[in-house]
1. I'd like the orientation of helix 135-144 relative to the chain: the angle between its Cα long axis and the longest Cα principal axis, in ° from 0 to 90, rounded to 10.
2. What does the C-alpha gyration tensor say about the overall shape of segment 99-140? Classify as rounded when a/c is under 1.5, otherwise prolate if a/b is larger than b/c, or oblate.
3. Evaluate the relative contact order of segment 1-124 (contact order divided by residue number), counting alpha-carbon pairs under 8 angstrom at least 6 apart; express in whole percent.
4. Just to be sure I understand: with springs between alpha-carbon atoms less than 10 Å apart, which residue in ALA235, ALA198, ALA90 has the highest mean-square fluctuation in the Gaussian network model of the chain?
5. Pull up all non-local amide H partners of LYS151: gap of 5 or more, or a different chain, and H-to-H distance under 5 Å with H placed in the peptide plane.
6. Whole Å is fine, so just give me how far the alpha carbon centre of segment 58-98 lies from that of segment 118-157.
7. Once you sort the root eigenvalues of the Cα gyration tensor of segment 1-136 as a ≥ b ≥ c, which label holds: rounded (a/c under 1.5), prolate (a/b larger than b/c) or oblate (the other case)?
8. For the chain, with every protein chain kept in place, what is the accessible area per residue (1.4 Å probe, Å²)?
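The values are calculated or read from the model by the stated rules, or taken from the named source; none is laboratory data. Just so it is clear, the model here is predicted, and its values are computed rather than measured. Every residue, glycine as well, gets a Cβ built from its backbone with ideal geometry; the counts of neighbours run over all protein chains shown. Ligands, DNA and RNA are excluded from the accessible area calculation, which covers all protein heavy atoms including side chains. Shrake-Rupley method; radii C 1.70, N 1.55, O 1.52, S 1.80 Å.
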Amino acid sequence: MPHRIMFSDIDGTLLNSQRELSDYTISEIKRIKDSIPIILISSRMPSAMIHLQKELGITDQPMICYNGGLIIRHEKVVHSTFITPDIIEAIHDFSATIPVHISLYHNDDWYVPTMDFWANREAQNTKVNPTIKPITDTIKLWKSKNKGAHKIMCMGDEEHIDSLFIFLEKTYGDRLHLYRSKPTYIEIAHEKISKLTAIEFLLENYFNISIKDAVAFGDNYNDIAMLKAVGTGIAVANAKPETLEIADIVTPAGKEDGVATYIKNHMQYL
């Protein structure tokens, strides 16, 4: 299949062991970026992605944030789907019975009730600092402005996250997309969005490119639909077994520059 456009996940796929872009990855992407569009696609918020775009020299391209909940092109929001405050309220009420951290995200706003262990770790990993605000205040603010959460991140000990997951699946399984990125994490998005829906939106509205001419890289469960749909779906070697199973090709691990290795060997452009 020809490669006319490229989509890449970030965490676990594109970054090295220091959770940064290696010189090799930067060099290979810069080599081809004027020949095909290269688009980052992640569960991250915009400000946790823009510095990577700048390093790669691809700020002229769209970026897909929050697993498809928010798409930004030329610094403007072109697509947005969020979770309504009533659901956030129910999650907050349930979390009062168990010690679970809740992070709320809308566009480039990230709200946490306190800078606990979980908030500090996320800030360190993404190089973005949150705003400290009680969840009830955030809900009140968003209700007044007709806003909601592009993503809710719940973090805590595995047993507490298990309890919350069961509650969410039973109560909102038809309205939310629930994703266990780690045993201690639940990433929550609107049921109608995914990385695949975001790719389809961009291809139809801005690129006029068939999805069969797209190449995509990923490692986790939320990459499976995307990798299955594109013409060439590539998993890094450290991917989940289920992701490896459906991939067309397996490249070296993310920490071993697997994306750059594939680009060098298979994407030669003038």
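1. 80
2. Working: a/c = 2.26, a/b = 1.28, b/c = 1.77.
Oblate, because a/c is 1.5 or more while a/b does not exceed b/c.
3. Working: 132 pairs, mean separation 20.6, N = 124.
Relative CO of segment 1-124 lands at 17 percent.
4. ALA90
5. Here the answer is TYR105, since their amide H atoms fall under 5 Å of that of LYS151.
6. Computed from Cα coordinates, the inter-centre distance equals 11 Å.
7. Values: a/c = 2.67, a/b = 1.83, b/c = 1.46.
It is prolate, given that a/c is not under 1.5 and a/b is the larger ratio.
8. On the way: 11990 Å² over 270 residues.
That works out to 44 Å² for each residue.
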